[in-house]
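The values are calculated or read from the model by the stated rules, or taken from the named source; none is laboratory data. Owing to the predicted nature of the structure, the values given are computational and were not obtained by experimental measurement. Because the Cβ atoms are built from the backbone with ideal geometry, glycine has one as well, and the counts that use them run over all protein chains shown.
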Amino acid sequence: MGMVDRKPTGWMRFLLRLPVGLFRAGLGWLLLGHFLMVITRGRFSGQARYTVIEVIQRDRTTGGYVVVAGWGAKCDWFLNLLKTPAVQIIVGFRKFPTRAEVIEPDRAAEFLVGYSARHPSMFRIFARALTGDTPQGTLEERRRIVAISPLVVFHPITGQRSSPN
């Protein structure tokens, strides 16, 4: 059984929510750009929802940020952005509007090849948590992972200035 089979509760939920407090206090820069906070609109409530996610790749040419829905395609932030892909992100000291796009599975699997090369230990932990198996590093395995946990790219909306938190 992988981690996407259930939502985090208790202490795990508390620990996972701690970085949101850092970002909301203007201290997201402490996470050195390895994480961002996405602000979505609740798909039912319309209320702002805050989630901190690891950045697996940054496209320095376009300014886009690639993340993975680590708790699977049924996690709230992912479902929220499917309904309303115009979201804001906070990275370090900058807060700016973006358009979220789910990355097509074959291309997403390629992103995971790069991530696993840059962060082999983290990838092994992540892959095992998702699949329940010891990662073998195959393309088929990466395709299975992105089928469980899609990748998303946040494209900055040009013409709108970034702002401090």
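At a glance:
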{"read-out": "Scope segment 108-163; condition touching a strand residue (DSSP E or B) at 6+ places or on another chain (Cβ under 8 Å) and exposed (fewer than 12 other Cβ atoms within 10 Å of the Cβ); matching residues", "value": "Gln160, Arg161"}
{"read-out": "Selection count, segment 133-160, where residues are assigned to a loop (DSSP other than H, G, I, E, B) and touching a Lys or Arg at 6+ places or on another chain (Cβ under 8 Å)", "value": "3"}
{"read-out": "Residue count, segment 66-107 (criterion: in contact with a His (Cβ under 9 Å, 6 or more places away or on another chain) and either aliphatic (A, V, I, L, M) or buried (at least 17 other Cβ atoms within 10 Å of the Cβ) (or both))", "value": "2"}
{"read-out": "Given (1) on the phi < 0 side of the Ramachandran plot; (2) hydrophobic (A, V, I, L, M, F, W, C); (3) modelled with pLDDT under 90, number of the condition Leu32 does not satisfy", "value": "(1)"}
{"read-out": "Filter result for Lys7 (at pLDDT below 90, out of contact with any Gly (no Cβ under 8 Å at 6 or more places or on another chain), within 21 Å of Thr131 (Cα to Cα) and not aromatic (Phe, Trp, Tyr))", "value": "yes"}
{"read-out": "Selection from segment 83-107 of residues that are among the acidic types (Asp, Glu), closer than 16 Å to Val67 by Cβ and either out of contact with any strand residue (DSSP E or B) (no Cβ under 9 Å at 6 or more places or on another chain) or without any contact (Cβ under 8 Å) to a residue 24 or more places away in the chain (or both)", "value": "Glu104"}
